[in-house]
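Asks: Below is one structure. I have some questions about it.
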């Protein structure tokens, strides 16, 4: 980033800050700003673009930043408003099971809502606790009393169930809930970001929390993050990956809960029980079927703080396994209760996954 126009360097806490230093400081916030934008819009690809827009706006406005708030707070204000502008008039991103009835054989697919859908978020690019990053920044002054307590970010969640429920909130309510309930910002500071009053923020919070309770799964009225996957849950994932690679429907059946839900964005149809899921798999795994997709291989990964698997497909007659999809799983009581299989080959690079598999 560079300007051809001579200007005075921006001043922070009474000291000049060079362009290089300013660029370095804002870059250190990329991870958490990407997460923030993703929570707001529900799309990893769009969040990447929005963070670039945030940095561009911050760079252009750097002379106006004089340290009246922390750099982090200033960037969050820019990011929130960039997201609100992006969401203006757009359809919300859901998952197929929130937009359509479960699929029945013979049902016309043309009658189903076709998106846009949520995207998964690679855990490798996630910063779990902003406290770790804030310490690395070594801010020259102590945080102001009205600054967000970075430790509150330990409550953050990117679970798909939470993201999907958030999509039911209007954008400003979404922003209020994220800033106050996820990041721990006080209502007064959130009101400054949203150019509103404390009363309007509190009202948005009340309505937003009520809507979330309606759309979160049972027992999740408190949206604190779930515990990290346990070793027994990881064992279930490994068994599932092996069964898929062998095309073993019986083994898969043993791993699925009776009421398992399976969605496959961008396909609009979804399945609401084990029998339906197994029937769909049987068709796509049968070499004699017109729906046969070829051999599959899967490797473990992690998305949205959940167990996940990257699937690779070797089309009939080919030698190499190509990226096919990223499945995000929920495992409870030793059984898979939900599979969201995103057909997102373009995201494999962001997940740090190999471009192909040989076997």
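Asks: How many nm separate the modelled label positions at residue 332 and residue 246, each set 7 Å beyond the Cα in the direction of the Cβ?
Replies: 2.9 nm
Asks: May I ask you to list the residues of region 256-288 whose amide nitrogen lies under 18 Å from a point 7 Å from Cα along the Cα→beta-carbon direction of residue 109?
Replies: Residues passing the 18 Å test: 262-272, 276-286.
Asks: Stretched out fully, how many nm does the piece from residue 213 to residue 267 gain, at 0.36 nm a residue minus the Cα gap?
Replies: Gain on extension, residue 213 to residue 267, equals 16.7 nm.
Asks: Rounded to the nearest 0.05, what FRET efficiency is calculated for residue 234 and residue 49 with R0 set to 30 Å and r the Cβ-Cβ distance?
Replies: Calculated value: 0.35.
Asks: Using the Kirkwood formula on the Cα atoms of region 231-347, what hydrodynamic radius do you get, in angstrom to one decimal?
Replies: Averaging 1/r across every pair of different Cα atoms and inverting gives 14.3 Å.
Asks: What FRET efficiency comes out for the pair residue 102/residue 291, r = Cβ-Cβ distance, R0 = 22 Å, nearest 0.05? Walk me through the numbers before you get to the answer.
Replies: Details: r = 19 Å, r/R0 = 0.85.
E(calc), rounded to 0.05, equals 0.75.
Asks: Based only on other Cβ atoms within 10 Å, what is the fewest-to-most ordering of 339, 299?
Replies: 299, 339
Asks: Let me ask another. How would you rank 24, 200, 302, going from fewest to most other Cβ atoms within 10 Å of each one's own Cβ? Working shown, then result.
Replies: On the way: 24 11, 200 16, 302 19.
The most exposed by this proxy come first: 24, 200, 302.
Asks: Additional query: Give me 65, 342 sorted ascending by neighbouring Cβ count inside 10 Å, so fewest comes first.
Replies: With the fewest neighbours first, 65, 342 line up as 65, 342.
Asks: I would also like to ask the following. With a cut-off of 8 Å between alpha carbons and a minimum separation of six or more residues, what is the relative contact order of region 236-359 in percent?
Replies: Relative contact order here is 24 percent.
Just so you know, all these numbers are worked out from the coordinates, no wet-lab data involved. As the structure is a computational prediction, the values presented were derived from the model and not from experiment. Don't worry about glycine lacking a Cβ; one is built from the backbone with ideal geometry, like all the others, and counts go over all protein chains shown.
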